[in-house]
């Protein structure tokens with residue numbers, strides 16, 4: 001189920017963070033105490049794969065997650081884009097594969113922060129790791145919001 005905010009989101013347990021992308025989707029997972037956040041390999045769809053949402057649900061199940069946080073790309077003025085609609089659609093579809101609460105958090109500038117956190121790395125490494133590093137930033141931001149509630 002998609003929640004409107006963090007108010008009713010689980011206060012403990014593992015979370016999955018998602019940085020959705022049309023070609024690559026970044027994934028990060030917290031530990032049960034939400035003290036640490038770890039990146040996971042990016043999700044890419046092969047010709048045999050049917051759905052990004054199904055893969056996200058499979059990861060959430062495998063990680064024993066209690067909730068999923070999707071980064072929501074918005075324009076600087078807070079309005080939604082075509083990509084925002086695609087992220088919402090993926091989250092809605094994810095609900096058909098797993099019964100976990102899903103919440104959105106604004107993701108503006110997460111890629112910049114993620115790249116800064118990565119430090120000096122080769123261009124090939126940036127392409128391979130940036131999406132999941134961005135998912136890590138998204139999840140860390142969500143955990144910070146939850147800790148303030």
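State yes or no: is residue 104 out of contact with any helix residue (DSSP H, G or I) (no Cβ under 6 Å at 6 or more places or on another chain), part of a strand (DSSP E or B), closer than 18 Å to residue 131 by Cα and modelled with pLDDT of 95 or more? Give the derivation first.
On the way: out of contact with any helix residue (DSSP H, G or I) (no Cβ under 6 Å at 6 or more places or on another chain): yes; part of a strand (DSSP E or B): yes; closer than 18 Å to residue 131 by Cα: yes; modelled with pLDDT of 95 or more: yes.
So residue 104 fits the description; yes.
If only residues of the range 32-76 that are farther than 16 Å from residue 132 by Cα and part of a strand (DSSP E or B) are counted, the one that is farthest from the chain's Cα centre (by Cα) is 74.
Taken residue by residue, the range 15-31 has no member that is assigned to a loop (DSSP other than H, G, I, E, B), surrounded by 13 or more Cβ atoms within 10 Å (Cβ to Cβ) and free of Cβ contacts under 8 Å to residues at least 60 places away in the same chain.
Among the residues of this structure, residue 43 counts as one that is crowded, with 17+ Cβ neighbours inside 10 Å and more than 18 Å from residue 147 (Cβ to Cβ). Examine the range 110-133 for a residue that is at positive phi and modelled with pLDDT under 95, and state whether such a residue exists. Within the range 110-133 (the criterion being at positive phi and modelled with pLDDT under 95), the answer is yes, since at least one residue qualifies.
Can you confirm whether residue 79 is closer than 22 Å to residue 45 by Cβ and surrounded by fewer than 17 Cβ atoms within 10 Å (Cβ to Cβ)?
Numbers: closer than 22 Å to residue 45 by Cβ: no; surrounded by fewer than 17 Cβ atoms within 10 Å (Cβ to Cβ): yes.
In short, no.
Taken as a whole, the condition of being at positive phi, in contact with a helix residue (DSSP H, G or I) (Cβ under 7 Å, 6 or more places away or on another chain) and modelled with pLDDT of 95 or more applies to residue 34.
Scoring residue 56 on the criteria (1) modelled with pLDDT of 95 or more; (2) surrounded by fewer than 21 Cβ atoms within 10 Å (Cβ to Cβ) leaves a single failure, condition (2). Checking every residue in the range 18-31 against the condition of being at pLDDT 95 or above, closer than 20 Å to residue 101 by Cβ and out of contact with any strand residue (DSSP E or B) (no Cβ under 7 Å at 6 or more places or on another chain) gives at least one match.
The values are calculated or read from the model by the stated rules, or taken from the named source; none is laboratory data. From a predicted model like this one, the values you see are computed outputs, not experimental measurements. Note that we place each Cβ from the backbone using ideal geometry, even for glycine, and neighbour counts take in every protein chain shown.
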